[in-house]
Amino acid sequence: MLRRSGLSLGQYFLRRKNRAGFSWYFNKTKMSRLVQARRLEGMDKNIWVEFVKLAATYPTVNLGQGFPDFPPPDFVKEAFMKAVGGENIMLHQYTRAFGHPALVTILARFFGKLLGQELDPLTNVLVTVGAYEALFCCFQALVDEGDEVIIIEPFFDCYEPMVKMAGGTPVFIQLRPKAAEAGKLMSSRDWQLDPAELASRFTERTKAIVLNSPNNPLGKVFTREEMELIADLCVKHDVLCFSDEVYEWIVYDGKEHFRIASLPGMWDRTITIGSAGKTFSATGWKVGWTLGPDRLLKHLRTVHQNSVYHCPTAAQEAVAQAFQREFDNYGKPDSYFVQLAQELQQKRDWLVRRLVAGGMKPIVPEGTYFLMADFSEFKSEVPDLPDSDEPYDSRFIKWMIINKGLVAIPVSAFYSTPHKRNFDHLIRFCFAKEEATLKAAEDILQQWSLEKTGQ
């Protein structure tokens, strides 16, 4: 007699009972309390995560993310290959926690000369995992519950959440655009602070101001006079300055980058932040640094040693060798800093011309490798939804990625919530791209312009 394979009726009900019991047990043991820290509330969304994912989903030309798609200079790559392939096996191991000796030494020499300070490499320099960690250490080490931090809009988007995670309160002030000269495109220099409005932001609760020059996303290079205005208020109100200068070598049209720490009364209250990723076109290496007085940096070292603790040794060695080369060539035609600015200015001018021809109105940047452009002429492409929580520029770029294959970043991401709608007619492009990428973007813009005019 053949028996049917499978579970008997009794086995079936027994297994069902056990499964139900397990489900009951699982539900009873599952955590019900809130697990996230309150300081993370409202900070889960990130513009880069969202748009990088979208750009990877569709075939696109990426002028959104702020990184070069061309390689670092040969001498930088060779320095890294020598560090990882040479005979010094200790370059594969931990180095000094607060900065590889070779790197902090050359950074102290290089920037001490520019700041007019005698920098101690062991106490006035801290190496971090990119400028991001440098900023994080500033806020965590020096901003307390209830402290106010002034942020100039538009601002790099991490400033606001980092202030809030430290328990501080962001206080915003806008760079306000003035009308461009007749027949000329608007420039980043046309965006200025109102001195009286700026002064009103300083109160007895103000702990720090964040200064980003050259500014991302606008490309504004603050003048000496503007720096002096900020410095005078910092001294008057005994306020710190976190000076984000990662684009310090990328300035155009003969402009000069001023370091606020070099102004009277500012060294003792300023932390200057730099980045090898932006300096040597190697953003993936994640080597950054802070410069400042020991009385401030000692607190950043406390945060660093209890979080990241250490930065990759080989990358620090390579950056040290690259800086030594630039120290020897400073101000000379062979300097990479000189050549990089010249090359990027040509790319800037090229993109400005293409955007104008395509119907957009670019704001010509004085620095960085970003520019903002007014796309108001294209608003007929995507209907406005006044009741939508999402700013118009964000919805427009999502449409542009899907339908045109071109990536940019919404400028509303660089503004606080009350001000996002005021600037959602602007988008940000990155022009630190190789010729093939820029040419592909040009083809998209040309075809789009033809479609728009019905040709």
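Key figures
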| read-out | value |
| --- | --- |
| DSSP-defined beta bridges in the chain - what % are antiparallel, rounded to 5 | 50 percent |
| Highest to lowest packing among 291-303, 42-54, scored as the average C-beta count within 10 Å | 291-303, 42-54 |
| 17 Å Cα-Cα reach of residue 164 towards aspartates and glutamates, excluding residues that sit fewer than 8 places from it in its own chain | 41, 44, 133, 144, 145, 147, 148, 153 |
| Cα centroid separation - region 376-455 against region 247-293, whole Å | 30 Å |
| Dipole magnitude (debye, nearest 20) for the chain, charges at Cβ of Lys, Arg, Asp, Glu | 2580 debye |
| Residue pairs, from the table 332/433; 220/332; 45/398, whose Cα atoms sit over 18 Å apart | 332/433; 220/332 |
| The chain, relative contact order [Cα under 8 Å, separation at least 6], % | 22 percent |
| Ranking by accessible area, most exposed first, for 398, 30 with a 1.4 Å probe | 30, 398 |
| Region 33-51 versus region 148-167: alpha-carbon centroid distance in Å | 15 Å |
| Whole-number D in µm²/s for region 223-313 (Stokes-Einstein; Kirkwood sum over Cα pairs; 4 °C, 1.567 mPa s) | 88 µm²/s |
| Charge sum, other residues only, whose C-beta stays under 9 Å from residue 221's C-beta, Lys/Arg counted +1 and Asp/Glu -1 | +1 |
| Relative counts (whole %) of C-alpha pair distances in region 74-329, using bins that are 5 Å wide | 1, 6, 13, 18, 19, 16, 12, 8, 4, 2, 1, 0, 0 |
| The chain: calculated mean residue ellipticity at 222 nm from DSSP helix runs of at least 4, using -39500 (n - 2.57) | -13000 deg cm²/dmol |
| Rounded to whole Å, sorted largest first: equivalent-ellipsoid semi-axes of region 335-455, Cα gyration tensor | 26, 19, 11 |
| Volume of the Cα convex hull of region 248-359, divided per residue and given in Å³ | 163 Å³ |
| Partner aspartates and glutamates for residue 82 [C-alpha distance under 15 Å; skip if fewer than 8 residues away on the same chain] | 74, 317 |
| Listed residues 415, 330 arranged by accessible area, highest first, probe 1.4 Å | 330, 415 |
| Accessible area of the chain belonging to carbon and sulfur atoms, whole % at 1.4 Å probe | 52 percent |
| Mean separation of Cα contacts under 8 Å (6+ apart) over length of region 74-329, as relative contact order % | 30 percent |
| Given (1) 51; (2) 33; (3) 39, the label whose value is percent of Cα pairs over 37 Å apart derived from this model | (2) |
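The values are calculated or read from the model by the stated rules, or taken from the named source; none is laboratory data. All figures in this text were calculated on a predicted structure; none of them were measured in a lab. Cβ sites come from the backbone with ideal geometry, for glycine too, and all protein chains shown count toward neighbours. Note: areas computed on protein heavy atoms with side chains; ligands, DNA, RNA excluded. Shrake-Rupley method; radii C 1.70, N 1.55, O 1.52, S 1.80 Å.
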